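Take a look at the structure below.
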Amino acid sequence: MQAEQIKQIVETALDDLKAVNIVTLDVTGLTDVMDYLVIASGTSNRHVKSLANNVVVEGKKQGARPLGVEGEDAGDWVLVDFGDVVVHVMLPATRDFYDLERLWVRPVAGSASEQEAERD
C-alpha cells in the first residue's frame, strides 16, 4: 500500500474519533525512514489510547498492518509505525514538551526560523 493511502486512512481514523490538532508533515527528503509524520492530540489518556487503537483497526481493515505500536500502556504518547507513515498521538502537555513539529518542519529560506536554526 502506498504511503499516501496510509496517510489518508490515518487522518480519517483520527478525525472520526475527534482527535485535536491533526498535523501531517511531509518529511520526504529529510529522512529515509518515513515519508509522512502524523501528529495528533487526545483530550485524555483514554482518548489517546482510543485514537491510536482506531488508527490500527482502520489500517488493518484496509490492508495496512502496523509494524509496531508503542506506549499503549501509559497513554500519554502512543506511536503507531506503518513504515512510510509514523503516527504520534499525545496528550497536549506531552506534545508541547517534545514539540515534534518544530524538529521536523523545514524553515523557509531567509525566514526568522531559519536564522534561529542556524544559531542553535
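The numbers here are math on the coordinates, done by the rules we state, and not lab data. What you are looking at is a predicted structure, and each value in this text was computed from that prediction instead of being measured. As a convention, Cβ positions derive from the backbone with ideal geometry for all residues, glycine included, and neighbour counts pool all protein chains shown.
Comparing mean-square fluctuations of D15, D84, D73 from a GNM of the chain with C-alpha springs under 10 Å, the top value falls on D73. Structure remark: mean-square fluctuation, Gaussian network model of the chain, C-alpha springs under 10 Å; the largest value among V86, V33, V69 belongs to V33.
GNM on the chain, alpha-carbon springs under 10 angstrom: the most fluctuating residue among D99, D26, D81 is D99. Can you give me the angle between helix 45-61 and the longest principal axis of the chain, using Cα atoms only, in degrees from 0 to 90, rounded to the nearest 10? The two axes meet at around 70 degrees. If I model a spin label at A93 and V20 as a point 7 Å from the Cα along the Cα→Cβ vector, what separation in nanometres do I get? With each label placed 7 Å out from Cα toward Cβ, I get 1.2 nm.
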